Structures are given as C-alpha cells and as structure tokens.
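Comments concern the structure below.
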C-alpha cells in the first residue's frame, strides 16, 4: 500500500512540474521588428508561442517615437495592452486614436489596422494574438507618412 501511495505522489509531482511554463525575465531576447512589417525602430520580444490546444501567443512590442506597424489584419483577432507610454492606432477608414498606458485595444478578426508610437512618444504594448489555421497575422502595405500624421492634431 505504501508503494502505491508513493507512486501516486510521484505521478502528481511529475504532472504538476509540467502544468505550467514560467518564462523568466530576461530569458527571451527582444529582436528588431522586421523592416518589411514595421517603419522605424521597433523591438519585439516573443514571450509565448501558441501551444495546443490553446491558440494564443504573446509578445511585448516596443515602438520608439515615429515607429509603427504596417497595415495588417488578424484572422482570429488580437488584444493589445499598453504597458508604457502613449501611441496611436487606427482602423482603416477611422480616425487615428491615442492609446496610453493601461489602455486595452481589441482588433476584431479581419479588421485592417495599424499601431505604433506617436510622433514624439514611445509606446510598448503586450500583444496577445489568436491563431486560425496556424496563422496569426496578415501583413499588408506600410502606413504612409500622410496616413500616420492624419488630420492636424
């Protein structure tokens, strides 16, 4: 009986050890955002890739002033949480909207949009991107200087 209890305890410990993953601070490297998807100085730190059966991945994205993503869509949507600074985001056809630390933005599936720092402030956000059929983003054309500046602010 004691051996059975010990085996059960060891099995429970083994399962618990793999029940979650801890990504230690500094264990993932921030890399430059690819120039084919971003304008200006952008750093992307991939935190977690989607792991089945889940479908969400997370990244910390830092935009310097004037930096921004290209226009893009997400097949299954994306949530952004601004962790530092202020930036801008825009849905195609809509106004440029100021977003600041503590704001949460949800981009619905298939909605064309962009986001980045303002002309004078940096902005960092946590991006939680859902995947559909293994794809989390469809990158489109760069945001032009005129689109980025928008109407007089």
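Okay, here's what the table says:
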quantity	calculated
Average Cα contact separation per residue, the stretch 24-149, under 8 Å, 6 or more apart, as relative contact order %	31
68, 24, 149, 45 arranged by Cβ crowding within 10 Å, fewest neighbours leading	24, 149, 45, 68
Residue order, fewest to most beta carbons within 10 Å, for 61, 22, 91	22, 91, 61
Gain in span if fully extended, residue 147 to residue 30, counting 0.36 nm per residue against the direct Cα distance	39.4 nm
Ranked 58, 51, criterion: other C-beta atoms within 10 Å, fewest first	51, 58
Viscosity 0.890 mPa s, temperature 25 °C, Stokes-Einstein D of the stretch 24-149 from Kirkwood C-alpha radius, µm²/s	170
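Quick note: the coordinates plus some simple rules give every number you see, no bench work behind them. Please read all numbers here as calculations on a predicted model, not as lab measurements. We place every Cβ from the backbone using ideal geometry, glycine too, and count neighbours over all the protein chains shown.
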